[in-house]
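Notes follow once the structure below has been shown.
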Amino acid sequence: MKIFLIGPMGSGKSKIGRILSEKLSISLFDIDKEIEKDLNMSITEIFASKGEIFFRNTETDYLIKTKGLRDCIVSTGGGVIEEIKNLEFLKKEANVVFLNCSVESQYENTKNSAKRPLLLTNDPKLTLQTLYEKRFDSYKKVSKLELLSDSMSNDEIANKIINYFNV
């Protein structure tokens, strides 16, 4: 059993991933956290020193690494679906959950975080809106289940995922 969590930044992928990991007693592979740990740099530092293209290529490498994992929750970054290779990969996976949430909720959940390099703009809410519109169809295309994460608690979302995939 492997469950992939996709969706915009601030939709709860990391938090819900931790809850699912605990409830199901399986490991969590949080792609952003794994990259930070292995490169010994924050995502913001990676963007600043190596650039977004380097980060996206690394993100793809880590997504492909999940092929070899069993019984885990995989929490992806919000932009993972921007690479065609990643879309093709996720389309083939049986358990992909799109944690959808309003731009307002995304903003509330990210506004105090310095760990979001794409939001270091004059208008982070507009950036979130633009990214959401750009990525929405791709999230929908590869997901098997879509949940509105701002309409439920994280625990409720985790339980819905567990019930949906009968795990």
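General remarks:
- Put simply, the C-alpha atoms of the stretch 2-164 give a gyration tensor, and the ellipsoid matching it has half-axes of 22, 19, 15 Å, longest first.
- Distant-in-sequence amide H partners of V96 (H built 1.01 Å from N, under 5 Å): F4, K144, L145
- Estimated vicinal HN-Hα couplings, Hz - the stretch 54-70 in sequence order (Karplus 6.51, -1.76, 1.60; Gly, Pro = x): 4, 4, 4, 5, 5, 4, 4, 4, 6, 5, 4, 4, 5, 3, x, 8, 10
- Amide proton proximity set for S75, modelled H, under 5 Å, gap of 5+: L5, F29, D30, I31
- Likely footprinting exposure, I43, I161, fewest C-beta neighbours within 10 Å first: I43, I161
- Distances between placed amide hydrogens fall under 5 Å for C101 paired with S149, all partners being 5 or more residues away or on another chain.
- Phi to ³J(HN,Hα) by Karplus 6.51 cos²θ - 1.76 cosθ + 1.60 over the stretch 111-124, Hz, x for Gly, Pro: 4, 9, 9, 8, 9, 10, x, 6, 9, 7, 10, 5, 9, x
- Residue pairs, from the table K115/K160; K85/K134; K15/K65; K50/K140, whose Cα atoms sit over 23 Å apart: K115/K160; K50/K140
- Computed from backbone phi, the HN-Hα couplings of the stretch 102-108 come to 5, 4, 4, 5, 4, 4, 4 Hz, rounded to whole numbers (Karplus: 6.51 cos²θ - 1.76 cosθ + 1.60, θ = phi - 60°; Gly and Pro given as x).
- Of interest is the spacing of the C-alpha centroids, which for the stretch 31-75 and the stretch 99-163 amounts to 19 Å.
Laboratory data are not the source of any read-out in this text; all were calculated from the coordinates shown. Just so we're clear, the structure is a prediction, and the values are computed from it rather than from any experiment. Ideal geometry is used to build each Cβ from the backbone, glycine not excepted, and the neighbour counts take in all protein chains shown.
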